[in-house]
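K.L.:
Sharing a structure with you now.
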Amino acid sequence: MTEMVMVIEDEKEIRDLLQYNLERAGWKVATFADGEKGLDQIFASRPDAVILDLMLPGKNGLEILREVRGEPATADLPVLVLTARGAEMDKLLGFEHGADDYLTKPFSPREVVARVRALLRRAKPQAGSAAIERGGLRIDFDAREVSVSGRKLTLTPREFDLLAFLARHPGRVVSRDELLRKVWGYDYLGETRTVDVHVRRLRMKLGVEPSFIETVTGAGYKFTTPQG
Ligand code: CA
């Protein structure tokens, strides 16, 4: 099935440029100029990826991002944020609110297409599978069971969710803030140390070297296995 990319951007020229190029790349495209309407349509029509401008009428991009991430159904939706030229602050805020990637205006259409393709690829392969098996670790997402070399582990629901989230995004560095948002829920007011405590316990239970959860200093955690 053709994937659908949604564009929320109030500048008509950019919107048209994006639509033209994304359609040429083979995707279905829906465009919105207003933030409020765009957000409604994210929930209503469930696109496969969103290109989101930050400065929008109705509702700004950061508010949209926050609501999208706070909703379990769209928490993992790939979002590429568009920022104004040289607006470092926009980028930082975008990442903090859960943007997967960003592009600074002006950008080349080819670059946008490449970024969207990467986001869709990253989102797809693991997302739909019911189980993964890597380096002796087996995670059954439906049964919520984990085993290492055939030995079944007893995990708390939170530990399972944490491991499952990381394993569904292999190779990607996930920040403690993002883990708090997506595993604990957006409104959870815990400290990022909570994440460290759970990771430590999870590693002990996994009990193998190398551990599947790698610490990336100053950035967060990453799921890795011997086979990649
Ligand atoms: Ca704008």
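The values are calculated or read from the model by the stated rules, or taken from the named source; none is laboratory data. Everything quoted here is computed from the prediction, not taken from an experiment. When we count neighbours, we look across all protein chains shown, and the Cβ atoms used for this are built from the backbone with ideal geometry, even at glycine. The accessibility values were calculated without ligands, DNA or RNA, using every heavy atom of the protein model including side chains. Shrake-Rupley method; radii C 1.70, N 1.55, O 1.52, S 1.80 Å.
K.L.:
Modelled label-to-label distance, D10 and R172, 7 Å Cα→beta-carbon offset: nm?
P.N.:
Taking the two extended label points, one gets 2.9 nm.
K.L.:
Can you give the FRET efficiency for A84 and S45, using 1/(1 + (r/R0)^6), R0 = 30 Å, r = Cβ-Cβ distance, to the nearest 0.05?
P.N.:
Given R0 = 30 Å and the Cβ-Cβ separation, E is 0.65.
K.L.:
Right, here's the next one. For region 131-223, which whole-number percentage of the solvent-accessible area (1.4 Å probe, protein heavy atoms only) is attributable to carbon and sulfur atoms? Please list the in-between numbers first.
P.N.:
Values: 2230 of 4780 Å².
Summing carbon and sulfur atoms, their accessible area is 47 percent of the total for region 131-223.
K.L.:
Shifting gears a bit: For the pair S147 and T215, how long in nm is the line joining their label points, each one 7 Å along Cα→Cβ?
P.N.:
My value for the distance between the label points is 3.1 nm.
K.L.:
Now for a different question. Is region 4-123 best put as rounded, prolate or oblate by its Cα gyration tensor, with a ≥ b ≥ c the root eigenvalues, rounded for a/c under 1.5, and otherwise prolate when a/b is larger than b/c, oblate when not? It would help to have the intermediate numbers written out before the result.
P.N.:
Working: a/c = 1.23, a/b = 1.08, b/c = 1.14.
Note, shape of region 4-123 comes out rounded.
K.L.:
Can I ask one more? Would you mind computing, in nm to one decimal, how far apart the modelled labels at E23 and R200 are, each placed 7 Å from Cα along Cα→Cβ?
P.N.:
Simple spin-label model gives 5.6 nm for this pair.
K.L.:
Turning to a different aspect of this structure: Using a Cα distance threshold of under 23 Å, what count of lysine pairs results for the chain when pairs must be 8 or more residues apart or interchain?
P.N.:
23
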